[in-house]
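What follows is calculated from the coordinates using simple rules that are stated; it is not laboratory data. Quick caveat, the model's predicted, so the values are computed rather than measured. Neighbour counts run over all protein chains shown; Cβ positions are idealised from the backbone, glycine included.
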Amino acid sequence: MSRKVVIVVARSIVRFLLIFKPGLDDCMILGALMFTIAYQATIYVIKLHGGMGMPIATLSSNEMTTFLKGTFAIEIFYYTIIFSIKSSIIFMYQRFAIWATFKRLCTATNVLLVAFYIVCIATTLGQCTPLEKAWDVTRMLPGKCINTTAFFYSTSGFNILTDVWILLLPIPTLRSLKISRHSRYVLYGIFGIGSFATAMSCVRLYSIHIYTLAEDPFKDGVLVNLWSMVEVNIAIVCASIPALKPLIAPKKLLNERRQRRGYSSHITEPLSHRPSKISGFSSISRSHITTTGSPNRVSSPRSFRAEEETSGISLPLQAL
């Protein structure tokens, strides 16, 4: 718990105070942290007042009702946390998205995540009709409920698939970066840390399988909640580590800032103050003329940008 908070706070310091470029990815990961704290508080309540981990024969009806209500709240928190973490990663990808195809894939992925989140929340809220039947331990309340076992299996499977997709999504862009092989492998490692969260999702799916076979859900519900907490905590850490790169290389960040300021001051210098070898172009704005190699070669801003795009990509620290 404390490590996760420290890492998210460090990430916020980097984005808000060091590079001054906070974004939606930072807001989403902060939201995930808040809901994770609420998740853990709910587990504490149902452990204390709901008899989590205790045999059903030793529990009162009030304790069992508290346990089931807490489990209902946990479902809402879990889906919200997972959605926030994955959306944060996609928004981070969009920081360094150069190619139009990659941008469209990121947007499509976020739309898919939003749609899946809405389905999960709507299904959870409507799992029983009336909803009170979800925590009716007497089973006397008329109504019906969905097959929650099938629902948990399907959502866990979809989460694993999207985990793998999000891991693979930036690879083509990372391969196109104009950096050394060592730096490229370092970036692969940084972004590949998310595979640990995917592994925890697989373990959680197995714990759901064990839970569905258990005879006492009150006693055996600890395992599912344990692995769910491990999964979301590792996912938050993995999603935040790439944003901590400026803390690892502060000198490089300072150099990039200086170079950026020097370049901006150079390009904003009035052309009338610079020596020019171009003559006879009085009808063309000087700010739209770029010379390369010789005075007779003139290129427009459009062609200049095209040359820039085809010359390779470098990933600055501010993009992470």
Could you give the size of the charge dipole of the stretch 45-204 about its Cα centre, using +1 on the Cβ of each K and R and -1 on the Cβ of each D and E, expressed in debye and rounded to the nearest 20? 780 debye
Find the centroid of the Cα atoms in the stretch 99-133 and in the stretch 8-84, then give the distance between the two in whole Å. 19 Å
Report, please, the projected area of the stretch 2-250 averaged over directions, based on the convex hull of its C-alpha atoms, in nm². 14.2 nm²
Based on the mean of other Cβ atoms within 10 Å per residue, sort peptides 149-161, 198-210, 87-99 so the most packed one is first. 87-99, 198-210, 149-161
